[in-house]
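The values are calculated or read from the model by the stated rules, or taken from the named source; none is laboratory data. As the structure is a computational prediction, the values presented were derived from the model and not from experiment. FYI the Cβ positions are ideal-geometry reconstructions off the backbone, even for glycines, and counts take in every protein chain you see. The protein model used for the area step is the full one, side chains on, heavy atoms only, and it has no ligands, DNA or RNA in it. Shrake-Rupley method; radii C 1.70, N 1.55, O 1.52, S 1.80 Å.
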Amino acid sequence: QVQLVEAGGGLVQAGGSLRLSCVASGRAFSFYAMGWFRQAPGKEREIVAAISWSGSSTYYRDSVKGRFTISRDNAKNTVYLQINSLKPDDTAIYYCARGRTRHYEGVGTGYDYWGQGTQVTVSS
C-alpha cells in the first residue's frame, strides 16, 4: 500500500511563497509520475502541475505557469511544489497524487494514490 503525506501548507499574504512537499512510502516511487491537484471550496478538483518519473518532463496549468515549480527527489521519495507570487485565487486544499504510469496525465483518473491534502490560504 502506498501512502502519500503532504506538508507545507499555511496562511500567507498575497505575493508570498510556500513550498509544499509530499513524501511517498514504498520503494517504487521513482517508477511513477506524480501530480499536484487542488480543490477550492465549491469548485471541482483541478490539476496544478505534474512531473514524469524522471523529472525530465513537467506540466503546469496555465494559471500557475511562471509561479509554480514542480520537482522531485527520487532518492527521498519526495515531490515538491514551490509556489511563488501567491494569489487569493490559489486558496485551496492541495493534494499530491501518484500517476498510474511513468508519464503524467492531465486528469485525476490518471492517478491511483492520493494524499490527505494540505490547506493553502492566501489573504489579500
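General observations
- Some residue of the stretch 1-23 being modelled with pLDDT under 95 and in contact with a strand residue (DSSP E or B) (Cβ under 6 Å, 6 or more places away or on another chain): yes
- Applying the criterion of being of a type in the set (S, T, N, Q), under 12 Å from residue 104 (Cα atoms) and outside any strand (DSSP E or B) to the residues of the stretch 8-62, the residue that is least open to solvent (accessible area, probe 1.4 Å) is 52.
- Subset of the stretch 63-91 (residues that are on the phi > 0 side of the Ramachandran plot and either open to solvent by less than 50 Å² (accessible area, probe 1.4 Å) or among the hydrophobic types (A, V, I, L, M, F, W, C) (or both)): 77
- Extreme residue, farthest from residue 59 (Cα to Cα), among residues of the stretch 95-111 that are open to solvent by 50 Å² or more (accessible area, probe 1.4 Å) and not polar (S, T, N, Q): 100
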